[in-house]
Amino acid sequence: MLHVGVMDSEALRTFVAIHRSGGITRASEALFRSQPAVSRRLALLEKELGMPLFERTPGALVLSEAGRVLLPYAETVLAALRDAEAAVDGLRSAVGPLAVALVGTLASSRLTAVLRRFAERHPKIDVRLQTATSDEVSELVRRADVTMGLRYGPDLAPELHCEEIFAERQVIVAAPDHRLADTRKIAIGALGSERWIAFPDNPARPEAANRNVRRAFDAAGVSEAQILRIDSLTAQKRLIEAGFGIALIPDSSVQEELAAGSLVVLDMADLDITAPVTVVTRANGYLSGAARTLLAELR
């Protein structure tokens with residue numbers, strides 16, 4: 001039987017911090033506690049549970065079977081505590097921080113204008129933004145590390161609520177002097193010999209929007225050898241302008257270049273791709289007045 005004195009929020013916070021940081025030393029830095037204090041709290045929790053929560057491996061601690069079972073419950077408890085604190089703070093003041101995570105390429109979309117307008121209308125609300133992949137956005141929301149997330153596609157996890165706010169059109173862009181720049185109704189197969197530019201395809205950090213890029217590659221018959229992997233959208237656009245390749249890019253991300261004439265959209269006959277953009281919140285999480293206001297403006 002567990003004793004509340006040991007299985008308290010600080011014990012759970014220590015356990016989660018060790019898991020996320022991969023060791024006692026980094027966890028102590030994150031928690032602003034001494035290493036002996038962190039080790040002692042973990043030892044007490046493991047003693048109370050009667051089994052180890054981590055397996056000691058060279059260079060890191062990894063979750064044991066018991067640790068994997070405990071983790072989602074610990075994160076749920078800590079998220080609920082953050083909700084409780086936010087709810088009480090909301091009674092004292094209608095202002096304060098609002099943490100939002102979004103996929104990096106969405107910073108170049110129409111969302112930027114919405115966020116700027118929100119900041120101008122509510123200068124006392126401290127909007128704190130961070131970028132991540134779609135899956136990471138969902139995880140940050142689930143853990144209550146952020147209040148709201150903006151990602152590509154829905155997340156069907158029951159603890160999350162997803163609402164599509166718009167669909168981002170994807171277009172194939174090229175330099176103005178590209179051989180097909182003035183061609184009407186280009187078949188996707190005609191681009192099979194082209195050099196393409198795309199984001200790195202990292203299995204450890206998958207991005208939902210990359211499925212659309214893969215769909216275009218498969219339709220065109222593009223091999224990996226033809227793809228130049230670049231991890232910056234700005235760098236991708238500069239390389240396309242210089243004639244180093246073509247790319248499938250969100251339409252809103254190239255509006256300035258299209259207006260300036262440094263890029264053109266290829267007129268495709270058989271490729272119509274959109275990526276749904278969704279706002280993610282915790283299904284049962286607390287939304288402050290600031291969060292509800294931003295959600296209304298996003299809608």
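The values are calculated or read from the model by the stated rules, or taken from the named source; none is laboratory data. Quantities reported herein were computed from a predicted structural model and do not represent experimental measurements. Here the Cβ positions follow ideal geometry from the backbone for every residue, glycine too, while neighbour counts run over all protein chains shown. Accessible surface is based on the protein model in full, side chains and every heavy atom, while ligands, DNA and RNA are left aside. Shrake-Rupley method; radii C 1.70, N 1.55, O 1.52, S 1.80 Å.
For every residue, the table says whether it meets (1) part of a helix (DSSP H, G or I); (2) within 30 Å of L287 (Cβ to Cβ); (3) without any contact (Cβ under 8 Å) to a residue 40 or more places away in the chain.
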{"site": "A11", "(1), (2), (3)": "yes, yes, yes"}
{"site": "R20", "(1), (2), (3)": "yes, yes, yes"}
{"site": "R33", "(1), (2), (3)": "no, no, yes"}
{"site": "A37", "(1), (2), (3)": "yes, no, yes"}
{"site": "P72", "(1), (2), (3)": "yes, yes, yes"}
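On the given criteria, is I240 in a strand (DSSP E or B) and hydrophobic (A, V, I, L, M, F, W, C)?
On the way: in a strand (DSSP E or B): no; hydrophobic (A, V, I, L, M, F, W, C): yes.
So I240 does not fit the description; no.
Taking the range 282-298, which residues are surrounded by 20 or more Cβ atoms within 10 Å (Cβ to Cβ) and outside any loop (DSSP other than H, G, I, E, B)?
Within the range 282-298, R282, A290, A291, L294 qualify.
Please list, ordered by residue number, the strands (runs of 3 or more DSSP E) wholly in the range 157-234 having 2 or more residues that are in contact (Cβ under 8 Å) with a residue 12 or more places away in the chain and open to solvent by 30 Å² or more (accessible area, probe 1.4 Å).
Qualifying strands (runs of 3 or more DSSP E): 160-174, 227-229.
Can you name every residue in the range 259-299 that is free of Cβ contacts under 8 Å to residues at least 24 places away in the same chain and not charged (D, E, K, R)? Full working, then the answer.
Going through the range 259-299, the residues free of Cβ contacts under 8 Å to residues at least 24 places away in the same chain turn out to be 259-260, 272, 292, 296.
Within the range 259-299, A259, A260, A296 qualify.
Mind listing whichever residues of the range 41-67 are within 13 Å of L12 (Cα to Cα), in a helix (DSSP H, G or I) and either open to solvent by 50 Å² or more (accessible area, probe 1.4 Å) or in contact (Cβ under 8 Å) with a residue 12 or more places away in the chain (or both)? Lay out the reasoning, then the answer.
Step one: list which residues in the range 41-67 are within 13 Å of L12 (Cα to Cα), which gives 41-46, 48-49, 53, 67.
From what is left, the residues that are in a helix (DSSP H, G or I) are 41-46, 48-49, 67.
Answer for the range 41-67, where residues must be within 13 Å of L12 (Cα to Cα), in a helix (DSSP H, G or I) and either open to solvent by 50 Å² or more (accessible area, probe 1.4 Å) or in contact (Cβ under 8 Å) with a residue 12 or more places away in the chain (or both): R41, L42, A43, L44, L45, E48, L49, G67.
Tell me which of these P154 doesn't satisfy, since it passes every other one: (1) open to solvent by less than 50 Å² (accessible area, probe 1.4 Å); (2) within 11 Å of V280 (Cβ to Cβ); (3) not hydrophobic (A, V, I, L, M, F, W, C).
(1)
For F244, only one of the following conditions fails: (1) touching a helix residue (DSSP H, G or I) at 6+ places or on another chain (Cβ under 8 Å); (2) farther than 30 Å from P97 by Cβ. What is its number?
(1)
Considering the range 258-279 alone, what residues qualify as being out of contact with any Asp or Glu (no Cβ under 6 Å at 6 or more places or on another chain), modelled with pLDDT of 90 or more, closer than 20 Å to R110 by Cα and in a strand (DSSP E or B)?
Selection gives V264, V265.
With the requirement that a residue be hydrophobic (A, V, I, L, M, F, W, C) and open to solvent by 20 Å² or more (accessible area, probe 1.4 Å), what does the range 249-281 give you? Let's see the steps before the verdict.
First pass over the range 249-281, keeping only residues hydrophobic (A, V, I, L, M, F, W, C): 249, 254, 258-260, 263-266, 268-269, 271, 273, 275, 277, 279-280.
L258, A259, A260, V264, V265, M268, A269, L271 - these are the residues of the range 249-281 that are hydrophobic (A, V, I, L, M, F, W, C) and open to solvent by 20 Å² or more (accessible area, probe 1.4 Å).
Taking the range 103-156 as the region of interest, how many residues are charged (D, E, K, R) and assigned to a loop (DSSP other than H, G, I, E, B)? Even if it seems obvious, please write down each step before you answer.
Just the residues of the range 103-156 that are charged (D, E, K, R), to begin with: 110, 116-117, 120-121, 124, 126, 128, 135-136, 139, 142-143, 145, 151, 155.
Cutting the leftovers down to assigned to a loop (DSSP other than H, G, I, E, B) gives us 110, 124, 143, 145, 155.
Matching residues across the range 103-156 total 5.
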